[in-house]
Amino acid sequence: MPTMEKTLKTAGKAGLSATIIASKAAKYGLKFTAETAKLFVGGAKNMADQMAPGMNFGIGEFLYDKSVKAADWTIDKAISLQKKAKERLS
């Protein structure tokens, strides 16, 4: 017969597995959304450049890339912590 501790560990591992899956889905959803947004913004920028060419300092692209990298790093750290917590329950 399973003990209360064993049952709680099993429930904890199942919960952590679910959060790991959710975090990975969020990460890849974010990447998909970010790349889709980049396409739309790129198209609008190209149209604006054709109609009214001007100077491009590249600040928007730089901030965009840094924001995506920061979000990826944060989600990766969260997944890592969740995996470590799950290992400790074993």
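The values are calculated or read from the model by the stated rules, or taken from the named source; none is laboratory data. The model shown is predicted, which means the values in this text are computed figures rather than measured ones. Here the Cβ is made from the backbone with ideal geometry for all residues, glycine too, and neighbour counts use every protein chain on show. With ligands, DNA and RNA removed, areas are computed over all heavy atoms of the protein, side chains included. Shrake-Rupley method; radii C 1.70, N 1.55, O 1.52, S 1.80 Å.
Over 23 Å between C-alpha atoms is what I'm after, so list which of Lys27/Lys66; Lys13/Lys66; Lys31/Lys86; Lys38/Lys77; Lys13/Lys69; Lys6/Lys83 land there.
Pairs exceeding the cut-off: Lys13/Lys66; Lys31/Lys86; Lys38/Lys77; Lys13/Lys69.
Give me the accessible area of Glu61, 1.4 Å probe, in Å² rounded to the nearest 10.
Approximately 80 Å² of Glu61 is accessible to the 1.4 Å probe.
Which residues does a label at Ala78 reach in the range 11-32, if reach means a backbone N under 15 Å from a point 7 Å past the Cα toward the Cβ?
Within reach of a label on Ala78, which here means backbone N under 15 Å from a point 7 Å along Cα→Cβ, the range 11-32 contributes 16-32.
Starting from the Cα-Cα distance between Lys9 and Ala22, subtract it from 0.36 nm times their residue separation and give me the gain in nm to one decimal. Walk me through the numbers on the way to the answer.
Details: separation 13, 0.36 × 13 = 4.68 nm, distance 1.97 nm.
Stretched fully, the Lys9-Ala22 segment lengthens by 2.7 nm.
Estimate the FRET efficiency between Glu61 and Ala85 by the formula 1/(1 + (r/R0)^6), using the beta-carbon distance for r and 35 Å for R0, to the nearest 0.05.
Efficiency computed from Cβ-Cβ geometry: 0.45.
If you put +1 on each Lys and Arg Cβ and -1 on each Asp and Glu Cβ, how big is the dipole of the range 1-42 around its Cα centre, in Debye rounded to 20?
80
Would you mind giving the three semi-axes, in whole Å and largest first, of the ellipsoid equivalent to the range 1-40 according to its Cα gyration tensor?
Rounded to whole Å, the semi-axes are 38, 4, 4.
Around Ala71, what is the net charge, scoring Lys/Arg as +1 and Asp/Glu as -1 over all other residues with Cβ under 14 Å from its Cβ? Walk me through the numbers before you get to the answer.
Values: positive: Lys24, Lys27, Lys31, Lys38, Lys66, Lys69, Lys77; negative: Glu35, Asp65, Asp72, Asp76.
Here the charged neighbours net out to +3.
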